[in-house]
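Written below as structure tokens is the structure these notes are about.
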Amino acid sequence: MLWTGGCLGASLMVPGIAEAATLLAAAKSLNEVIGNLRNVIVGLLVGLATLFATIGGVRYMLASGDPAEVEGAKKTLRYAAIGYGVAVLAPVLVTMLQKVVGS
């Protein structure tokens, strides 16, 4: 738990995420707020997906041929791939949200 919190804290220190987070409050229009929020969400999703990919890779290497551990590692890697997919689709979803809002 402490390690996950440390990784999350470190990911927030990445310049792109930190800049988007500080610009979130300084935005002058709804479009800027939504765009900055998208940047923060994509950064967090990519960071978490990378964390899951790392954990899955380590679990796979340490499985020692145990079928249950190998299957657990594959699930973790699958979840990381889903996280990357959601991160790629996030800008599309935000664009759709901006059109619904009408800006």
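Listed by first and then second residue, the pairs with beta-carbon distance under 6 Å, at least 6 apart or on different chains, first residue in segment 86-98 and closer than 26 Å to Phe52 by Cβ, second loosely packed, with under 12 Cβ neighbours inside 10 Å and of a type outside the set (D, E, K, R), form an empty list. Restricting attention to segment 61-80, does a residue exist that is closer than 30 Å to Gln98 by Cα, assigned to a helix (DSSP H, G or I) and at pLDDT 90 or above? Yes, there is a match, as at least one residue in segment 61-80 is closer than 30 Å to Gln98 by Cα, assigned to a helix (DSSP H, G or I) and at pLDDT 90 or above.
In segment 67-82, the residues that are closer than 14 Å to Gly47 by Cα form Cβ pairs under 7 Å with partners that are aromatic (Phe, Trp, Tyr), at six or more places apart or across chains, as follows: Tyr79/Phe52; Ala80/Phe52.
The values are calculated or read from the model by the stated rules, or taken from the named source; none is laboratory data. Being a predicted model, the structure only gives us computed values, none of them experimental. Here Cβ is always computed from backbone atoms with ideal geometry, including for glycine, and neighbour counts include all displayed protein chains.
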